[in-house]
Structures are given as structure tokens and as C-alpha cells.
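Worksheet: one structure, shown below.
The values are calculated or read from the model by the stated rules, or taken from the named source; none is laboratory data. These numbers come from a predicted model, not from an experiment. Here the Cβ is made from the backbone with ideal geometry for all residues, glycine too, and neighbour counts use every protein chain on show.
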Amino acid sequence: MAKTILLVDDSVTMLMSVKTNLEMAGFKIETAEDGVKALAKLTSGLKPDLIITDINMPNMGGIELIKKARALPGFRFMPILTLTTESQQGKRDEGKAAGATGWLVKPVGGADLLKIIKQVLPGA
Amino acid sequence: MNNLLEQFLSEARDFLQGIGEKLMQLENDPDSTELMVELFRFVHTLKGNSGLFDFPEMTRVLHASEDLMDAVRNGRVNYSQTLADQLLEAMDFVGSLMDEIEVTGKIGSNHLVISTELTKALRALLDTPDAVNVPVAIEVYTEDALTVKGISWSELPIMDLPETIAMGLHRCSIDGETVLWLQYTPEPECFFKGEDPFFLARQIPDVAWRHVILNNSASTLAEMDVFSSQLVFQLLTIAPETELDDLLRYVPDQIHRVKIPALAFVKPSGSSTDQAIDDDVIDSVLALFDNDEIDALIHTINTMLELSSPELWSSSALRWVLHLIDAEPDNKPAQRILLEAFRTQTAPDWSVLTPPIVPQHKTVSAPIHVNTSEIPDTLLRDFNVVINTQKEILSLPATSSGAWSAGRLKAVGATLIGCYRAVQRPHEIEGIEAALNIALTQNSPVPLLGWLETSLANTQELIFKGEPEPVVASLAAQPEVKFGRRTDDARGENAVAASKTLKVDQDKIDRLMNLIGEMVVAKNALPYLANRAETVFGVRELSREIKAQYAVINRVAEEMQDTIMQVRMMPVSFIFQRFPRMVRDISRKLGKEVELVLEGDATEADKNIIEALSDPLIHIVRNSLDHGLEMPEARLAAGKSVTGKLHIRASQESDRVLIEIIDDGKGINPEVIKHKAYEKGLIDEATLERISDQDAVNLVFAAGFSTADVISDLSGRGVGMDVVRSAVEKVNGTVGIESVAGKGTRLFMSLPLSMAVTNVMIIESNKQIFGVPMDLVVETVRVPRVQIRTIKQKQTTVLRGRIVPLLSLNDLLARNEAQLPNEDDEFATLIVRVHGEHVGILVDDFRETVDIILKPMTGILGGLPGYSGAALLGDGSVLMVLNPRELI
Amino acid sequence: MAIEYKKSLAVFSDFVGVEDAEALLEWLGKNPKGKVNFEECTHIHASSLQVLMAVKPPVVAWPKDENLQLWLKVALE
């Protein structure tokens, strides 16, 4: 069964690029443009196998999204990866402290992206 | 093409152009930091963008370019002409990949090699003597560091390592591989971060030994907190540290790792006895050792081993002595300590050896002074080539404007400085700089040329006296010299060749192929026509003229056909190129270590053959990885190197392509195959008894046979080698297998170079004609009715003392008609070879053999078994070509 | 269903996830003589692994997955 991934990013280009990559690899992709929209999807029945979220977003950022998602009943153990840039070392640690499983470094593409997802998602 | 890719391509073209321009500007202004920084930014962004797509060949080259530009930007590597050339060449390559992506949407075959070469060349520039400032590798794991961390390798819990594995690891370590002891203690709350420590631990590659500990504090089971991690994973791995860093990057603080020195594995184990070895014996052994009588020592130890039980501690110690003598012949102190340990029957104390125990890491350091005699010949030759080229450049006439450009002079100067630095003559640099300055003020090459000639005269030892490199394009021979573009000099020939190459859509080639097929058919109608001219119309003269004309057309058509065949030829690299990645991914997934060797990837065959080869080959390679090559532990235990070897070789043998897939894995056990085949009812009991090992191994090709003891998701379920065989046979190929249990397996496929023209025999049955491929026909005979016997309701005949089963074609085609005999009551019988056996097919009559262009049947007809395809005959009729393999 | 509980046998298949650990602990508590079958199992989350290690139930069949088998054997034997 195809694994579902929720992608959260305010940049449409980034969403499009990551989405295309992952769909080609056989994942089912859901997207949200900010933390608020992502949280709304999670509370209205979406149960992805993995969440990939950007850090800096309007309305609700990635760190807050992780904290809020972890507090929801069905999302205690779900793998969550943050999307960071080369220079955001601090944000990665902050994400981990908030309950993220790991991070991806932009630009994420093809082989690397899949490799990392397979490392955190058994059965992917 | 998707929008993202389109966006990438158009942006990337701008970057490429920008990179080219900046490089050109740098020629004239090599010291501009501003240009350097901009250049770096272009390359960096381009690399980043390419990473969004799966274009590994492109990204790899860009990555190397980026690293190189980074080094230049930081002053670690000097900008030079060579460097600019190399970068431009790399960008040309990237540009050509983009052309291809634009047309086909992806990167095709054949780029892997060039991309690797370019990357290597770019990386090589990073390591030139110019790069002396590169930080020297620092030995991280010193004994001190370990003591500070509070753990010494001698205290690690690796006591229970089986002796064979310990010996294997010791040898790995001696051979320069790093053996790491790794302890992973996940934080208790890690499950609440979406982590699965066990899954992570399982992904650690090349594990030779592993252990899991549970630190459960709860007193009863019910109290256990299942969502708080209480696990500790411990293991020994020989995986490269960079790979481990990458895998464990999210949990670095939970990892403790220690590099294990080779001697730590030398640890005899076993039961000790009360009666220790006599001191006399030990003394005599030590005497042999001290007198360096190693052969006698080995002999004595072997004798002692024969006399004592192998389970004893002392036997284990003796085996270790032999191992040590073999693996570390020069490490006398260690050998002596091990021998001394016999007195006490306790583990050898390596701590006395501490300094030499820790393997010395090679440190990079630039030699301060080097004799020219130490400069390798290749370097000296390159030096001479470059210097001579500079001389030629300096001797060139001034440009049309009458002046020498400053940039050209500076470039020559920079090159000369680089050259002299490369041959350890830094003191010459001052002279070059002085000459360059004069040259620049005079706007003339003469001062530099003068310096160069004087210098060369004074340094005879730098003149290369060996054979010059054969391919060096002479600059003087070219009317005008442009700088920067390598394509204009050394690669000139290639560039011309490239412009002569035409990319043609595959469909067009296929269309051409169909047309020539029709042409051959139409041409074959001419002899009919000539015949009719003579017999029907009685014009003999015209008949002769038609025949003469036919001969001409025939020759041209044949030549044309040959040429089109040539166009259709494709190198096997088309399939081979996907293997490195595939092998890497699969072996990683399986936790195996595999070295892939590809040979003969330039071997060519018809496009259809290459395409037909692809799936079987992938299947076979997967099989080898999955079932052939063992896990690293198993290999160690079997006394093999940890890394399995997978060899894929293509070669041409007369008009066939031979593909071999060889692994040094566990091989196929004929006994297992026999019994499995028997269990599955593929062979009867009698066959089970007398079948030879080779025949047994061949049973893997039998339909419905799956060799896997463990069915994994890689090779699939139930799909076995029989699929491979039928796919190969479909294109008139053969496949075979040889295997030695424990040593490995060799699988080979032989395929025709081209499948375009098929020689078939036309036969007649039930008032219709059919074709049968000639390569299956052994002979044609006429069998008298009286010689046909019925054995067990099957018709047979005896042919040259051999019983041949007979089948009637009408029966095979489900026509309810008897075959027609000739006037002498004989049946026309086609003896064909099917799966190594001779079978007779009864038909009504034989006709001639013809060359046809066989077209596979498509659509509904494509599903018909028993036919290879159809062809048009000279008179316009359709010939159905039978496939006896499927028919019988 | 990643773990199927029969009378005195727990059959593991495919991926055993993190939340299966609680039920496994409960079952092993109620069935002290319960056995386990890993044959069709491809991965067990660390949470369930530690439950198994705490009880060390008799193993009827080891997993076909070679890597998992190696790890489970050192953990449970």
C-alpha cells in the first residue's frame, strides 16, 4: 500500500518539486501551505505515514506545527522531518527538540530525498 | 516535460552562459576576487538546482566544479589556464546533458564514464601541489582519546567473537579497513519523536558482530513502559565512517564509537586445561622464533595442533600464531607476545605495544625538498608537454590588432608558475614573475620566452627523455588559437566528430528498417517476373535483362540492409550503465558488500537484442545479489573477503554476443536443486538417482522452479530462471549456468548480433505453407510408414540408432487431418532440436529455404502461441513462421 | 493486522509498528507460555522488540528477512 506523506511548505515551487519527486517514487502526497492548514487536515481525519514541514511559514511555522501535532492523540509516534536550508543548523536542533525525527536540507532532490525517507519510514 | 524542468533548463542555460563569460573575463583578470565569487555563486546555484532532479551524472560534475571553485575562491587552489579549461569542459558536458534533457526529458546512456572522468579530473586539480594548504588529515582515534572517554578497546565486550570472524576482522584491519565498535543508546523518549532505533540499527551496513541489551528497570512485566526506549545496540562494522556519519546524523549524541586496532581481535579462546604446556616446549618454540626459523616454527605449531584437541585455549592460541605470522609477518613483537602468553594461558597483553598497535594513519604532508629523480616520469612528461605548449603560444604572431593581450601573457605566466611548483621548483617562480612583468610592460612575449629557454637550458634534469605522449595536438598547426575552449585544441578531433554525429529519432530508424524489409520483398518479386517474361510471354531477352537488373538491385539492397543494421547497433552499455546504481541500492538494502566489475560495455548488438536482453539480465543480477552473494558475516566465516565480486562481461564471438554474469558467492548446491526438483515433480525418482551435478544445476531453468530458499521481495515470488530462459530463447539466444558450491556461479547468455534476417525453411502441410527457422532444423528425412512405431501411444522412429519421437504438424496445429505421404509412402519429416532433444515433425512436403525479415505478430495475433512471427514473401503472400519450441 | 494472536501463538507479519507493543505486552502477560512466529515479518519496531526481549518467548519460526533474523537471534536467543 502506498505510503502517504503530508508536505507543508508555503513555497509552491518547493511543494511542486518535492511532490513530483515523491509521487514518482510511488508515494501518495497531501499538501498544505502553512501549519494551520496542515493541522486542520490532521484533525479532520488525515493520517499520513510521514510529515515533511518547512520551518518558516506564515500563520503557523513548522516548530509550532510539530509541537501541536505531537499533542494530538494519533500523532505521538509519527516520523516528522523538517525542511531546512544549509544555514539553519539552529532550526534543525530546535525542530528535533520539539519532536521532529530529523531534517532535510533544501534543495532536496531525487535520490537523497528518497534515501532519507527510507531511513525514517520502515516499509517505504 | 513538466514546468519545473522547463524552468530549470532555461535558468540553467543562463548560468552556463554566465559561467563561460566569467571564465573568459578571468583570463584577462586572473586575480579578481569579485569575478571568482560570482563564478562560484553560478556554479553553486546550478548544482543546487540540478539536485532537484535525478540527474546524478550532471550533479556529480557540478558538485566537483563547485568544490573546485570554492577552493579557488578561498585561495586554496590557484586559478590557472588548466583549471579554466577543465571547468569549461565540464560546463560543455553539462550543456550537452541539458540538450538531451530538452529533447528526451531525461539523460540517456553513455554519460556515466565521461561524467566520472570529468569529476576525477576536477578533483585532481584540488590535489595538485598548489593545494598544499589543504588541512592535513588528523588521526582522531588515538589511545589517549579513548582513555579520556573512559573506555579502552581492551574492555569492550567483544570477547565472544567467533575465532574465524575475529581472524577475518583482524585481516581487514591489517588491510587498512577501519573496524569500528559502535554503541547506540537511544534516548528514552525517542519513540515520541517518530524514531525507530531498531530500524536505524538494522540499516547500519557491513556489520560483522552485533548485540542488543535491554536495560529494563521495571520489576514486573506489567509495569514495563513499552514506549520508553530501554535498548542499547552494540556492533562491529567495517562500513566507511562517512557512511555511518550520514546514516546516524540525527542521533550523533546517542552514538559512542571506538576504532578497534587490529591486534584487539587477536584473542585466543577456548577451554584451558590444568596441564599447561611444558616450559621446555615453549622455550624451544621461542628459540625457533628468535632465530627466525619461521618455517620450522610453523611446522612445529602444526604438529602441536595435530596432537591437541581443537577446543583448547592453547590450540586457539596456536592457530592465532599461524594467522599472525601469515597476516602480519613483520610484526615480530606481537608474535612474540602471543607466544609468551602460552606460559600463563591468559590473553596476550597488547598494552606494552601501545604505540605501534594503533594503526598509523597516513598523513598528507608536502615534501620540503625533493630531488628531481623523485619526480615521477608521468609528471615530468606532462610538465614538458605543458611547457612546450607555452613555448608555442609565446612564439605565435601577435593578434590582428598588432598587440599581445595582457591576459594571454598572464595566463602563460600562471601556467608556468603552476608547472614549476608541480615539479618542486618553487624558487623559479620569482624569475617567472619578473619576466612576466617585463613582458607586460613591453606588451611582448619575448621576455617570457627568453626566461623559459634559459631556464630549460639550465635545468636539463627537467627535460623528459622518454617517449612523448602520443596524442598532443600541436597548437602551431592551427591557424588561430582561441583560449579557454578545450574543444578547440586537444578535443578538436572529438568536436569535429561530434558535429558529424546526427541524432535520429528511434521511430525513424524503425521506419527505415521496415522500408528495407519491404524493399527486399519487392526485389524478390523480380525473379518471378523474369520467369514469367520467359515462360508466359516468351520474351527471353527481356527475362535476361530483368535478371541482370535484379543482380544490381539485389547488391544495393543487401548493402543497404547491412548499413541499416549497423545503424541499429547499440552498445550493451545501454543496459550495463544502470547496474552500478542498481547493485549499490540492492546490496545496501540487503546489507551486503558487493564490488561490481563491468567489462566490454562497448560490445554492440541490434537494438532489439539489447532491449530483449535487459530484463533477463536485471533478473539474473538480482538473483546473484540476492541468493548468490552471501552476507558479510557468512563470507568472513567461509574465509572469503567481505566484499563479494560480481562480474558482468560482454564480448563478441563471431556473429554472437556473449554475456557472462559471474559471482563469487555461495554457488548452487546440486543436491538441493535435485531434491527440490524431485519435490516439485520436475524429475522422477530414477532421474534423481542418476542425474549429474551439471544437469542438476541446469534444472533451475525448468519451468516452475524457484531456487530461493528464502523468497525476498527482490527476486519476486515464483518467477524464476525459466522466465529468463524463455525471454532469451525468444530472440534465438541460449542461456547456460555453471556453478561450484561455495565458490560461485557463472551464468552465460549467447545471443545473435542481429535478428533482422532469418533463414527459414518453407514446408507444406494441410495445403498451407509455413516457415521453420533454419537454426532449429537439424536435418530433413523421409520416414517410410513402415518404420513408424507406436510406443506408449506415441509415434516414434529409429534414426541412426536413436529413438526420435514423431509429432504430426496437423495435430500440433489442431487440424484434424492426416499428414500426406509421398508416392513411396514416405512422410516428410523435419528433425528439430528443442531444449537439447531431437524431435521429428511430420509435414506434407519440404520446399526451399528463404531469407526473410521476420516481424513479430502484434495485437490479437501476438497472443498466439506457437508462432515466432510472420513475413512477406516475394510473390506478396504471407508466410507464418512456426516456433517449434512453443509448439511442442 | 501486523500481529495475529492465536490461542498460544502470536504470528508476526510485515511491519510491526510502535503501537503494537502494548497489546503484545498484554498478551504475553496473559499467556506466559505463548510462542511467537516471525516467518512473514519484515520489521519489528523497537518498542515491541524490547517487550520480546523482556519475555524471551519461544520462537517457532525466524523471519525470512536475513538481516532481521540476525538481529532477532542475538536479541532473543
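Determine if the range B:209-216 includes at least one residue that is more than 7 Å from every other protein chain (Cβ to nearest Cβ) and surrounded by 18 or more Cβ atoms within 10 Å (Cβ to Cβ). Within the range B:209-216, one or more residues are more than 7 Å from every other protein chain (Cβ to nearest Cβ) and surrounded by 18 or more Cβ atoms within 10 Å (Cβ to Cβ).
Number of residues in the range B:597-648 that are surrounded by fewer than 19 Cβ atoms within 10 Å (Cβ to Cβ) and either aromatic (Phe, Trp, Tyr) or assigned to a strand (DSSP E or B) (or both) equals 5. Among the residues examined, B:Val266 qualifies as closer than 16 Å to B:Met167 by Cα, buried (at least 17 other Cβ atoms within 10 Å of the Cβ), hydrophobic (A, V, I, L, M, F, W, C) and touching a residue at least 60 places away in the same chain (Cβ under 8 Å). What are the residues in the range B:512-560 that are aromatic (Phe, Trp, Tyr), surrounded by fewer than 17 Cβ atoms within 10 Å (Cβ to Cβ) and touching a residue at least 24 places away in the same chain (Cβ under 8 Å), if any? Within the range B:512-560, just B:Tyr528 meets the criteria. All of (1) touching a residue at least 60 places away in the same chain (Cβ under 8 Å); (2) surrounded by 14 or more Cβ atoms within 10 Å (Cβ to Cβ); (3) out of contact with any Leu (no Cβ under 7 Å at 6 or more places or on another chain); (4) of a type outside the set (A, V, I, L, M, F, W, C) hold for B:Asp844 with one exception: (3).
Can you tell me which residues in the range A:3-24 are surrounded by fewer than 16 Cβ atoms within 10 Å (Cβ to Cβ) and within 14 Å of another protein chain (Cβ to nearest Cβ)? Listed by number, the residues that qualify are A:Ser11, A:Val12, A:Thr13, A:Glu23, A:Met24. Taken over the range C:42-77, the criterion of being within 8 Å of chain B (Cβ to nearest Cβ), closer than 13 Å to C:Ala10 by Cβ and in a strand (DSSP E or B) is satisfied by C:Ile44 alone. Among the residues of the range C:1-21, the ones that are under 20 Å from A:Asp49 (Cα atoms) and either within 10 Å of another protein chain (Cβ to nearest Cβ) or exposed (fewer than 15 other Cβ atoms within 10 Å of the Cβ) (or both) come to 9 in all. Filter the range B:567-593 down to the residues that are hydrophobic (A, V, I, L, M, F, W, C), crowded, with 17+ Cβ neighbours inside 10 Å and closer than 20 Å to B:Val113 by Cα and list them by number. Hits for the range B:567-593 are B:Met570, B:Val572, B:Phe574, B:Ile575, B:Phe576, B:Phe579, B:Val583. A count restricted to the range B:217-253 and to residues that are within 30 Å of B:Ser641 (Cβ to Cβ), crowded, with 21+ Cβ neighbours inside 10 Å and either free of Cβ contacts under 8 Å to residues at least 12 places away in the same chain or in contact with a Lys or Arg (Cβ under 7 Å, 6 or more places away or on another chain) (or both) stands at 1. On inspection, B:Ile841 qualifies as in the same structural domain as B:Pro784 (by TED's automatic domain parsing), farther than 19 Å from B:Glu518 by Cβ and of a type in the set (Val, Ile, Thr). Taking (1) at negative phi; (2) among the small types (Gly, Ala, Ser); (3) within 11 Å of chain A (Cβ to nearest Cβ) in turn, B:Ala262 satisfies each apart from (3). Could we say that B:Lys794 is over 38 Å from the mean Cα position of the chain (by Cα) and either charged (D, E, K, R) or modelled with pLDDT of 85 or more (or both) here? Answer is yes for this residue. Restricting the range B:499-549 to residues that are β-branched (Val, Ile, Thr) and either modelled with pLDDT under 85 or not in a helix (DSSP H, G or I) (or both), the residue that is nearest to B:Thr104 (Cα to Cα) is B:Val504. Please work out which residue is surrounded by the most Cβ atoms within 10 Å (Cβ to Cβ), limiting yourself to the range C:53-77 and to residues that are under 14 Å from C:His43 (Cα atoms) and touching a Pro at 6+ places or on another chain (Cβ under 9 Å). Per the criteria, the residue is C:Leu72. Of all the criteria given as (1) farther than 23 Å from B:Ile661 by Cα; (2) in contact with a His (Cβ under 9 Å, 6 or more places away or on another chain); (3) of a type outside the set (Asp, Glu), the one not satisfied by B:Ala522 is (2).
Scanning the range A:26-58 for residues being small (Gly, Ala, Ser) and crowded, with 17+ Cβ neighbours inside 10 Å gives a total of 3.
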